[in-house]
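One structure below.
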Amino acid sequence: MLKYYCWAAAEKVLSIVPFGKYVYRGAALVANANGRSKRRLCGCGTAYELVRKARQMTADGSTILDVGTGWHHHEAVLLYLTGANYKIYLFDVVDIARLSYLHTYFLYLLENLDSVAHELGVEKQAVHEKLKHLITLQSREEIYRACNFEPRITMATDKPFLPNQSVDFMVSNCVLTHIPPAIIEPELRALALMLKPGGAMYMMVGHEDHWAFHDRSANQFNYYRYSDKLYRMLFDTKFEYQNRMVKSEWLPIIKRAGLEIVSYYPNITAESRQAVRSLPHIDERFASYPLDELATVHSYFLLTHAHSTSPQVAR
């Protein structure tokens, strides 16, 4: 567990000292250049469920918003590979994607071509041809034109940045986990304004302790042990914030944002249940929740406007 605490302490220091954010960003760039970018891709499997749902519920040519598009545009690229001719907006608060990261992602997908084609339900040759072409492109602008992507980078997340009722479907992959509750609610309201009547959002929320990703000896839910006060003191940083919210804490926020849950799927395993049971202590904030709620590794929320007709599967 030493690595777990040392990593958190290092980021804590960098988040408060002058020029710390530049040191952090520089270290992240070096890490990605040395292969961390490729290691990140092993977790992109959660994107397939989001992409399959988008494909199931939208028609060719629909408008998709990738919420928190990140380093590699995981979902957006996979949506392009389905051949559905989507218009895809890449939304984030900071532009952290790079040409080298995208090329790394394309190579990773090529190396795993059989599974990618199977997961997407498309012909392997079609995926191969698209990826081979994308790798030849020498700028992000060229890639974005080829894929019909359009970036939307803004810190004003409480205001619509696209026309009202202009988006058919929204996807988000472990992004809401890293947004403070006070910001999430107005952001969800803004997203709801941009969503078409009958449109839907499919949001994956990760519940694992992300600090544990840096230390394999750490319990995947270790952060349930700490009170909010102690957690803020030890772990809250400007770089790797986690709101620690479980399903029950999401429900009132979703409701107040004018949204309702069409369907919900929790990813729970025997191992995740055992991880919760093995914690030496659970803080009172979490102690009243049932085991399966605490043992949920990922939550998949399908959301639509409250009191609207449930979104229909595209034909």
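The values are calculated or read from the model by the stated rules, or taken from the named source; none is laboratory data. This is a predicted model, so every value here is computed, not measured. Heads up, the Cβs are rebuilt from the backbone with ideal geometry, glycines too, and the neighbour counts pull from every protein chain shown.
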(request) Being surrounded by fewer than 19 Cβ atoms within 10 Å (Cβ to Cβ) and either under 18 Å from the mean Cα position of the chain (by Cα) or part of a helix (DSSP H, G or I) (or both) is the filter here, so list the residues in region 54-89 that pass it. (result) Gln56
(message) If I ask for residues that are more than 18 Å from Ile96 (Cα to Cα), surrounded by fewer than 16 Cβ atoms within 10 Å (Cβ to Cβ) and out of contact with any strand residue (DSSP E or B) (no Cβ under 6 Å at 6 or more places or on another chain), which ones from region 148-170 would you list?
(response) Asp158, Lys159, Pro163, Asn164
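Which one is modelled with the highest pLDDT among residues in region 1-12 that are surrounded by 13 or more Cβ atoms within 10 Å (Cβ to Cβ) and not hydroxyl-bearing (Ser, Thr, Tyr)?
Of the residues in region 1-12, the ones surrounded by 13 or more Cβ atoms within 10 Å (Cβ to Cβ) are 3-5, 7-12.
Applying the additional criterion that residues be not hydroxyl-bearing (Ser, Thr, Tyr) yields 3, 7-12.
On the way: Lys3: 88, Trp7: 79, Ala8: 82, Ala9: 83, Ala10: 82, Glu11: 82, Lys12: 79.
Selected residue: Lys3.
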(request) With respect to Arg145, determine if the residue is surrounded by fewer than 15 Cβ atoms within 10 Å (Cβ to Cβ), in a helix (DSSP H, G or I) and of a type outside the set (Asp, Glu). (result) yes
(request) Considering (1) surrounded by fewer than 17 Cβ atoms within 10 Å (Cβ to Cβ); (2) within 21 Å of Glu208 (Cβ to Cβ); (3) among the β-branched types (Val, Ile, Thr), say which one Val297 fails and leave the rest. (result) (1)
(message) Pull out all pairs, ordered by first then second residue, where Cβ-Cβ is under 6 Å, the residues are six or more apart or on different chains, the first lies in region 81-96 and is touching a residue at least 24 places away in the same chain (Cβ under 8 Å) and more than 11 Å from Pro151 (Cα to Cα), and the second is surrounded by 16 or more Cβ atoms within 10 Å (Cβ to Cβ) and among the basic types (Lys, Arg).
(response) Leu81/Lys130; Thr82/Arg55
(message) Residues that are out of contact with any helix residue (DSSP H, G or I) (no Cβ under 7 Å at 6 or more places or on another chain), touching a residue at least 12 places away in the same chain (Cβ under 8 Å), surrounded by 14 or more Cβ atoms within 10 Å (Cβ to Cβ) and not in a helix (DSSP H, G or I): does region 183-197 have at least one?
(response) yes
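Out of region 239-253, which residues are at pLDDT 95 or above and either more than 14 Å from Ile179 (Cα to Cα) or of a type in the set (Phe, Trp, Tyr) (or both)? Reasoning before the result, please.
We begin by selecting, within region 239-253, every residue at pLDDT 95 or above; these are 243-253.
Of everything in region 239-253, those that are at pLDDT 95 or above and either more than 14 Å from Ile179 (Cα to Cα) or of a type in the set (Phe, Trp, Tyr) (or both) turn out to be Lys247, Ser248, Trp250, Leu251, Pro252.
Among the residues of region 116-124, is there at least one that is part of a loop (DSSP other than H, G, I, E, B), free of Cβ contacts under 8 Å to residues at least 40 places away in the same chain and not aliphatic (A, V, I, L, M)? If you could, list the steps in order and put the result at the bottom.
So the first thing to find is which residues in region 116-124 are part of a loop (DSSP other than H, G, I, E, B), and the list is 121-123.
If we keep only those that are free of Cβ contacts under 8 Å to residues at least 40 places away in the same chain too, we end up with 123.
Remaining after also requiring not aliphatic (A, V, I, L, M): 123.
Yes, some residue in region 116-124 is part of a loop (DSSP other than H, G, I, E, B), free of Cβ contacts under 8 Å to residues at least 40 places away in the same chain and not aliphatic (A, V, I, L, M).
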(request) Under 6 Å between Cβ atoms, at least 6 apart or on separate chains: pull out the pairs that start in region 289-315 with a residue that is among the charged types (D, E, K, R) and end on any residue that is modelled with pLDDT of 70 or more and part of a helix (DSSP H, G or I). (result) Glu293/Lys247
(message) Please go through region 237-257 and give me each residue that is exposed (fewer than 15 other Cβ atoms within 10 Å of the Cβ), over 28 Å from Ala10 (Cβ atoms) and in contact (Cβ under 8 Å) with a residue 40 or more places away in the chain, ordered by number.
(response) Ser248, Lys255, Arg256
(message) Residue under question is Ile282, and the condition is that it be more than 30 Å from Asn164 (Cα to Cα) and surrounded by 13 or more Cβ atoms within 10 Å (Cβ to Cβ); does it hold?
(response) yes
(request) Give me a count of the residues in region 210-237 that are of a type in the set (A, V, I, L, M) and more than 20 Å from Ile16 (Cβ to Cβ). (result) 2
(message) Checking Lys38 against (1) under 30 Å from Leu234 (Cβ atoms); (2) at pLDDT below 80; (3) over 15 Å from the mean Cα position of the chain (by Cα); (4) of a type outside the set (A, V, I, L, M), only one condition comes out false. Which one?
(response) (1)
